[in-house]
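The values are calculated or read from the model by the stated rules, or taken from the named source; none is laboratory data. Note that the coordinates shown come from a computational prediction; the quantities given were computed from them, not determined experimentally. Neighbour counts run over all protein chains shown; Cβ positions are idealised from the backbone, glycine included. Heads up: the accessible areas ignore ligands, DNA and RNA and are worked out on the full protein's heavy atoms, side chains in. Shrake-Rupley method; radii C 1.70, N 1.55, O 1.52, S 1.80 Å.
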Amino acid sequence: MIRPLSDRVLVEPKEAETKTAAGIYIPDTAKEKPQQGTVLAAGPGKKDEPMEVKVGDSVLYGKYAGTEVTYEGKTYLIMKQSDILAIL
């Protein structure tokens, strides 16, 4: 498994919505990039900045936050703790 360093976290993005509330299916070309996910791993933090998120937290992050990484066929995001906007 991927183990983040310093103040970075490994996030599994939530699947993009495939259907609207009214029941209309959204084509792949019109889907928006998800901004919510689950923390799978977290680094130890920095000396002067402890980690506030932990494994299993559902988080909201910026639209263009993090770096996409593909590992064993799944896509994950590695981002700094400061890129996380909120814990749900």
(message) Using each residue's phi in the stretch 49-65, evaluate 6.51 cos²θ - 1.76 cosθ + 1.60 at θ = phi - 60° and report the 3J(HN,Hα) Karplus result to the nearest Hz, with x for Gly and Pro.
(response) 9, x, 6, 9, 9, 9, 4, x, 5, 8, 10, 10, 9, x, 4, 10, 7
(request) Only Lys, Arg, Asp and Glu count, each charged at its Cβ (+1, +1, -1, -1), so figure out the dipole size of the chain about its Cα centre, rounded to 20 debye. (result) 60 debye
(message) Counting only trypsin sites (Lys or Arg not before Pro) that sit in a DSSP loop (anything but H, G, I, E, B) with at most 15 other Cβ atoms within 10 Å, what is the longest stretch of the chain containing none of them?
(response) 64-88
(request) Would you mind calculating the relative contact order of the stretch 1-67 from Cα pairs under 8 angstrom and at least 6 residues apart, reporting the percent as a whole number? (result) 35 percent
(request) Determine which lysines satisfy two conditions relative to LYS31: a Cα distance under 22 Å, and not lying fewer than 8 residues away in the same chain. (result) LYS14, LYS19, LYS63, LYS74
(request) Give the accessible surface of the stretch 2-86 per residue, rounded to a whole number of Å², with probe radius 1.4 Å and ligands, DNA and RNA excluded. (result) 68 Å²
(message) Loop-only chymotrypsin sites (Phe, Trp or Tyr not before Pro) in the stretch 15-88, please: DSSP not H, G, I, E or B, and at most 10 other Cβ atoms within 10 Å.
(response) TYR64
(request) With a 1.4 Å probe and every protein chain kept in, tell me what percent of the accessible surface of the chain is carbon plus sulfur. (result) 52 percent
